[in-house]
Amino acid sequence: MSLKNKENELPARKTDRGHFDKLAIKKIVECIEGGMPRKDVCLVYGVSRSTVSDWMREYGSASYKVSKWGHLNNAQKRSMIRAIREGRMTLQEAKLAYNMKSYNAIITLLRQEKENSELSSDMDSKDNKGSQGEDKEKKALRKALEEAELKIKALNTLIDVAEDQFKIAIRKKPGARQS
């Protein structure tokens, strides 16, 4: 792509603060989608890389966004990883089938999946060890609950006997006003 072409000339910046107008932004986005490296765009137009990334995220075409790194959903990632792990697919076949830009992206996904599976297996083993302790704890809590219920029943019986013998109301009447 020729950099000195009249089509690549941009209108002047719009404000003193240095904002580009929409036409200039769209031309820069078109240059990148047309194959011009972002580094060259930054040098030619005097724009930072982060600004160009923001513009591509906001103004880039849907087809361009799909061709970038994060285009696989979780189900596709799991499917690809499972196929590679089971030997049904090589890295090269996965790269072509899932339209990945590089092998590093696939390897990164494989590493992340391995770390996640190791963490979940560690958690499962801790749960199994902890379940024996939880059973003992549950038994102790059940026993404490039974004792508390028995104590409540005994106190209620004591109050009933005292009310009958001494002919006084010990329990609070429902709806009574407090002083």
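The values are calculated or read from the model by the stated rules, or taken from the named source; none is laboratory data. Note that this is a predicted model, so its numbers are computed, not measured. A quick note on method: Cβ atoms are made from the backbone with ideal geometry, for glycine too, and the neighbour counts reach across all protein chains shown.
State whether the residues of segment 92-108 include one that is at pLDDT 85 or above and more than 30 Å from Val52 (Cα to Cα).
Yes: one or more hits.
Select from segment 32-47 the residues that are more than 18 Å from Glu58 (Cα to Cα) and not in a loop (DSSP other than H, G, I, E, B) and list them in ascending order.
Answer for segment 32-47, where residues must be more than 18 Å from Glu58 (Cα to Cα) and not in a loop (DSSP other than H, G, I, E, B): Lys39, Asp40, Leu43, Val44, Tyr45.
Provide a single number: the residues in segment 84-107 that are farther than 18 Å from Asn73 by Cβ, assigned to a helix (DSSP H, G or I) and within 25 Å of the chain's Cα centre (by Cα).
Residues in segment 84-107 being farther than 18 Å from Asn73 by Cβ, assigned to a helix (DSSP H, G or I) and within 25 Å of the chain's Cα centre (by Cα): 4 in total.
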